[in-house]
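The values are calculated or read from the model by the stated rules, or taken from the named source; none is laboratory data. Note that this is a predicted model, so its numbers are computed, not measured. Virtual Cβ from ideal backbone geometry, glycine too; neighbours counted across all protein chains shown. Side chains included, ligands, DNA and RNA excluded: accessible areas come from the protein's heavy atoms. Shrake-Rupley method; radii C 1.70, N 1.55, O 1.52, S 1.80 Å.
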Protein chains: 6
Amino acid sequence: MNVLAIACHPDDLEIGCGGTLAKYASLGHNVTMVHVANGNKGHKVIGPEELRLIRAGEAQRSGALIGAKVISMDVDDLLVKSDQDTLITKLVDVIRTVQPDVIITHPPEDYMKDHMEVSKAVFDASFAATVPHYVTEVAVPDGLKPSPIYYMDTLAGVGFLPTEYVDITDTIETKIAMNAAHESQIKWLYEHDGIDFLDFVRTVSKFRGLQCGAAYAEGFVQCKAWPRLTTTRLLP
Amino acid sequence: MNVLAIACHPDDLEIGCGGTLAKYASLGHNVTMVHVANGNKGHKVIGPEELRLIRAGEAQRSGALIGAKVISMDVDDLLVKSDQDTLITKLVDVIRTVQPDVIITHPPEDYMKDHMEVSKAVFDASFAATVPHYVTEVAVPDGLKPSPIYYMDTLAGVGFLPTEYVDITDTIETKIAMNAAHESQIKWLYEHDGIDFLDFVRTVSKFRGLQCGAAYAEGFVQCKAWPRLTTTRLLP
Amino acid sequence: MNVLAIACHPDDLEIGCGGTLAKYASLGHNVTMVHVANGNKGHKVIGPEELRLIRAGEAQRSGALIGAKVISMDVDDLLVKSDQDTLITKLVDVIRTVQPDVIITHPPEDYMKDHMEVSKAVFDASFAATVPHYVTEVAVPDGLKPSPIYYMDTLAGVGFLPTEYVDITDTIETKIAMNAAHESQIKWLYEHDGIDFLDFVRTVSKFRGLQCGAAYAEGFVQCKAWPRLTTTRLLP
Amino acid sequence: MNVLAIACHPDDLEIGCGGTLAKYASLGHNVTMVHVANGNKGHKVIGPEELRLIRAGEAQRSGALIGAKVISMDVDDLLVKSDQDTLITKLVDVIRTVQPDVIITHPPEDYMKDHMEVSKAVFDASFAATVPHYVTEVAVPDGLKPSPIYYMDTLAGVGFLPTEYVDITDTIETKIAMNAAHESQIKWLYEHDGIDFLDFVRTVSKFRGLQCGAAYAEGFVQCKAWPRLTTTRLLP
Amino acid sequence: MNVLAIACHPDDLEIGCGGTLAKYASLGHNVTMVHVANGNKGHKVIGPEELRLIRAGEAQRSGALIGAKVISMDVDDLLVKSDQDTLITKLVDVIRTVQPDVIITHPPEDYMKDHMEVSKAVFDASFAATVPHYVTEVAVPDGLKPSPIYYMDTLAGVGFLPTEYVDITDTIETKIAMNAAHESQIKWLYEHDGIDFLDFVRTVSKFRGLQCGAAYAEGFVQCKAWPRLTTTRLLP
Amino acid sequence: MNVLAIACHPDDLEIGCGGTLAKYASLGHNVTMVHVANGNKGHKVIGPEELRLIRAGEAQRSGALIGAKVISMDVDDLLVKSDQDTLITKLVDVIRTVQPDVIITHPPEDYMKDHMEVSKAVFDASFAATVPHYVTEVAVPDGLKPSPIYYMDTLAGVGFLPTEYVDITDTIETKIAMNAAHESQIKWLYEHDGIDFLDFVRTVSKFRGLQCGAAYAEGFVQCKAWPRLTTTRLLP
């Protein structure tokens, strides 16, 4: 399968579904990781221009851990907007290129605007991508249909009730390593705020595991919209 | 009564509430059918410019079957957006002209962006239309108030739980004929994809009928917002 | 129409739908008011045996104000239970006798157990009443079907979002008079606790009116269960 | 897998998940079909004693079509109650005997009491069945755990939003045949009320199919309760 | 505490949380009241330019009654939009200046577009305000974090189920006086439409009081989003 | 304050709200812990009679850690039922004796029957307890009113979205010690199933802490029913 995971910041996929992506990859599926924002405002000391470059590298190193292709939409932090001219069309091109069997993204409600704009844009783009006369730089591949979409967990699981779980016991350490690759974030939080974000990520995965009988797990909710519903499970 | 039905594509009203509109008309009410998008990208072979004209004609023929006035906002497919300058103001003019006693439109959640943008724009415009100092090409008629709004079914009824039903047993064949008038859609789906869309429409109407004890029915949910709530039923 | 309203205590119908019942009656419909509990523990001074008789009289006087028939199931307060042998079968007999076109009762969730047991028992009994081989003292009338059920407001409207409203502007004073007929309750609350319960009732009716554009109103939610759904409104 | 399907009346499983059970069976799984009520009051002319025997035979013939074992709890219609002494303990024995990998039953909310009592009893019994010191006629098999539970559709799909679908295109005719085996029900409805119940069943399956892209489908919602959540799909 | 209340029109805060703001003020907290729209289209006779000035004065007089600072974003009515360039950045500056411990605003769903745009913009801005590299005219104060947000009631309480209440018995008359300060609205509604809006406001407050055992109350729902959740109550 | 916590099994309070109870106690409030079931079937080797005694002692030792009074209703496991004659009346006596300012119990939906029966019985009893003519062994204290009720978390937080949180950072070790006092449960799970249940409890508390910005927390939802709603927070 072609798995297309699209999130907002360079480390959001690692937090929300890193274990699942690692599992997909270990099973031989093609995994593409897209971050819409470049994460340029995610630090209190390092400036936007420098941070943008640092984080692009971190994202590549994280993806490399599971052999995933990593793409950035390079939108500045806090300026993500689900509009036609910029974001949707760019996502259409990615979708037409990747031809995903399944898409993973943020849920429609999350803790900040940019995440929610991405979720909306992915929903919109994955439909538009299948319309031949919606002309962009990439032509519609034959038979491309609106992909099933799975929404990953919110940050800290607030307001999120998973309806499907993925056992990530075998990939939890890879997930942690992928998160650790985002050194600018992890190190900063630890040194200046005393926050151990890797422990944060591990705790949420452990909690989701307790809910479904696995040592570690990630939770998802399927997007319920025609014609995306399926009669098989696409999660690994 | 003046009944104003506003949907996205030229055939959406026929799918979602064609039987109800036919019933309104047969009872002597004035029915106006508005499609916001011109449907120009709804075909894999016919090009946008040609299709736009074809579909405009199909919409007129469909509306003529029940004596409804048909209006197109003529927005290109996939570019529908609930913004002030374009869509909302144009809808305000329609509403001020029609002076509806009741409005029917898409529900806030549906299977693709354009539908949802229309739903939002209708909600917004139907309030703005009643404000005298919101100056557009059409003046506010005396006593115009925000209309009660009924949301029609989603495509294939996904995620939709009707709270009110309309018995369309007497108008189901008219509904089917109205859908058949959109020949570019029906024929294409049948010849190339083997999909019998008229059967699709009939099945959903039959299913909604099973739910409420009618041979055929359509389901609705009222928009719950002040001051649109009523103490009488406005559905036929 | 035959309107059957079934609530728990002798004054619950007056509080929740008194205006609607008065309106039904004024339109010429037959109204039957059933209270399941005898209200015998609803006072801090008057003992159960004496109170039971007092409240039976109050209920009759209240019903007489709108020409409604009043029936008591005579279950002691706090001992209402939706079981087969006692409550359900007794309600089946009432339903078979009244042959209601519509039933009004408490919603499934309310502020205390007895109310919720009544709601459940009404739902159960109104189905059982239509089964010929469910033999009770009253035979099934020809063609009796499970009635549409409307749930009235909770006490003080807590947790209740009406989906339909009845304008009771013309019957609000009758509603107040019906509530006032329950003198043992009204007087006690006023003299000992300083609570003006008639003002309580009026305030809730006024609030529901503000929501739907009437001077006074009552709110309802229809029970969504097959085969009780209808294609017409049964509320007055 | 051992598949245990438990519904109320002798034909409820056929209506709600007949296609899914046929599919399980065709894939080589062991299917056990339990009906709690004997269906003795489900006719207007045939008396309870006679009908009970007729329906027991019909259930056996229906199950035989897919090689399923059919068990009756033999509770009289309208007297189903989720209590310890009768229903729960009897279901515990069935569960301990079948040792199901997955259970299918009615959803907690459905159109009549007996269905809902069965749903509750199944939930309760499937936990109790795993407790060694809950002593019944059958001992707890080693390692028996509370089974994952899938709730099947309500009658006519009222109030039900499936979260998972099963493609029953290959078994729809078997499903219809299983329903047809309940001749006392089908024939009566057709001859006396003009209702073609087989068409009812087919329409709902077709509608659920439209929702998920299959010719025919059945919809389900998983019971979300610890420790029943899984990381794999158990539906066929 | 620094309390920041942000609503759409000049009188919306008075309607939704005037009693709570008065209570905060009486307890010694700093209260800032922001209205985003200038209310220039809220009259049928007085023109926009004149009305804008009148309402600015009314808002100041209302705020003065409780010693609150009053700020207008001065957006024209019906043109409120939660976008980056205009509204969000302006709100960021207010938030960075006020440094709120708690924010009160409209709920995400309300009776008209402008209210909902404000709710969204406040949510978005209160996060952006805390990001140092989101550069606006005001620098981020040290330690500023995304504030807890409480959503106040909808107009007439439609569709709103409070989860927390504030007893405003001691400030109800101040609340009424604050509303009365918006003379252009109150007088107009009374003289021309016969609507006593002060009575409207009092009735809703009385109703919310009945729900929680106070003479008068206001209802709220907390915004459930990380990292805004708290372990203490911030409402007075 | 008098704090009354009522759960099902001897260790359920420790799991769901042990940290909160410890915090209440440390602040000087009187805490009473009630377990309805005696836990006699909660082991695979130790027999019911022996286990019942062991667990009674464990519960006492756990409560002693925070100076709480511990009461057992002594109902056998899997036989808990919210009925009048047995459970409700016994709980009424406890409530009349303790005169709680706040009650904590299981939420209405949880992972097994006994928990849900307790939740329902507590709701019912806490109303009945305030009715003078509901005569039991204990008379109604003057002025006793239906207590506000807080529902604690489900097991593993499945299906539970807290609306209020308690910071238990200062009492997490006490909570763990209270759980550890239930040695028959903890030891068995560890030695035979390799499950570290204390780690389970700590993980859930840590996860709830991540949601609300505390090192450890417990989540609650208030019971929304008249006249239990308050205008102050009763959680510590």
TODO: Taking residue B:15 as the residue in question, decide whether it is more than 13 Å from the chain's Cα centre (by Cα) and modelled with pLDDT of 95 or more.
DONE: no
TODO: Tell me which of these residue A:129 doesn't satisfy, since it passes every other one: (1) of a type in the set (Gly, Ala, Ser); (2) under 24 Å from residue B:113 (Cα atoms); (3) open to solvent by 10 Å² or more (accessible area, probe 1.4 Å).
DONE: (3)
TODO: Being β-branched (Val, Ile, Thr) and either more than 14 Å from every other protein chain (Cβ to nearest Cβ) or touching a His at 6+ places or on another chain (Cβ under 7 Å) (or both) is the filter here, so list the residues in the range E:29-48 that pass it.
DONE: E:31, E:32, E:34, E:36
Task: Positions within the range C:156-202 being more than 17 Å from the chain's Cα centre (by Cα), open to solvent by less than 20 Å² (accessible area, probe 1.4 Å) and among the β-branched types (Val, Ile, Thr), in sequence order - done: C:158
Open item on the list: Given the criteria polar (S, T, N, Q), modelled with pLDDT of 95 or more and closer than 30 Å to residue B:229 by Cα, does residue E:119 qualify?
Closed with: yes
Task: Of residues in the range C:122-153 being of a type in the set (Ser, Thr, Tyr) and more than 25 Å from residue C:232 (Cβ to Cβ), the one nearest to the other protein chains (Cβ to nearest Cβ) - done: C:134
Task: Members of the range A:218-236 found to be at the interface with another protein chain (Cβ under 9 Å from one of its Cβ atoms), open to solvent by less than 10 Å² (accessible area, probe 1.4 Å) and of a type in the set (D, E, K, R), listed by number - done: A:228
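Yes/no matrix, rows are residues, columns are (1) out of contact with any Ser or Thr (no Cβ under 6 Å at 6 or more places or on another chain); (2) at pLDDT below 95:
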position: A:148; (1), (2): no, no
position: A:152; (1), (2): yes, no
position: A:163; (1), (2): no, no
position: A:169; (1), (2): yes, no
position: A:192; (1), (2): yes, yes
position: A:211; (1), (2): yes, no
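Based on what the data block shows, is residue E:172 without any contact (Cβ under 8 Å) to a residue 40 or more places away in the chain and among the aliphatic types (A, V, I, L, M)?
No; evaluated as a whole, the condition is false for this residue.
Filter the range C:132-146 down to the residues that are hydrophobic (A, V, I, L, M, F, W, C), open to solvent by 60 Å² or more (accessible area, probe 1.4 Å) and in contact (Cβ under 8 Å) with a residue 40 or more places away in the chain and list them by number.
The answer is C:139, and nothing else.
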Open item on the list: Could you tell me how many of the residues in the range F:97-120 are open to solvent by less than 10 Å² (accessible area, probe 1.4 Å), of a type in the set (A, V, I, L, M) and within 21 Å of residue D:119 (Cβ to Cβ)?
Closed with: 2
Open item on the list: Regarding the range F:203-217, can at least one residue be identified that is within 9 Å of another protein chain (Cβ to nearest Cβ), touching a strand residue (DSSP E or B) at 6+ places or on another chain (Cβ under 7 Å), open to solvent by 10 Å² or more (accessible area, probe 1.4 Å) and touching a residue at least 60 places away in the same chain (Cβ under 8 Å)?
Closed with: no
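So that you can scan it fast, the table gives a plain yes or no per residue for (1) of a type in the set (A, V, I, L, M); (2) open to solvent by 20 Å² or more (accessible area, probe 1.4 Å); (3) more than 24 Å from residue D:140 (Cβ to Cβ):
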{"residue": "D:36", "(1), (2), (3)": "yes, no, no"}
{"residue": "D:40", "(1), (2), (3)": "no, no, yes"}
{"residue": "D:46", "(1), (2), (3)": "yes, yes, yes"}
{"residue": "D:54", "(1), (2), (3)": "yes, yes, yes"}
{"residue": "D:58", "(1), (2), (3)": "no, no, yes"}
{"residue": "D:69", "(1), (2), (3)": "no, yes, no"}
{"residue": "D:72", "(1), (2), (3)": "no, yes, no"}
{"residue": "D:82", "(1), (2), (3)": "no, no, no"}
{"residue": "D:92", "(1), (2), (3)": "yes, no, no"}
Open item on the list: Going by what's in this entry, would residue A:124 be described as modelled with pLDDT of 95 or more, open to solvent by less than 20 Å² (accessible area, probe 1.4 Å), farther than 21 Å from residue A:216 by Cβ and among the acidic types (Asp, Glu)?
Closed with: yes
- [ ] For the range A:95-104, state whether one or more residues are in contact (Cβ under 8 Å) with a residue 24 or more places away in the chain, within 12 Å of chain E (Cβ to nearest Cβ) and either assigned to a helix (DSSP H, G or I) or more than 29 Å from residue E:130 (Cβ to Cβ) (or both).
- [x] no
- [ ] Considering only the range D:74-105, state which residues are aliphatic (A, V, I, L, M) and within 24 Å of residue D:176 (Cα to Cα).
- [x] D:102, D:103, D:104
Open item on the list: Pairs needed: first member in the range C:66-88, within 12 Å of another protein chain (Cβ to nearest Cβ) and hydrophobic (A, V, I, L, M, F, W, C); second member anywhere, open to solvent by 60 Å² or more (accessible area, probe 1.4 Å) and not in a strand (DSSP E or B); C-beta distance under 8 Å; at least 6 residues apart or different chains.
Closed with: C:75/C:86
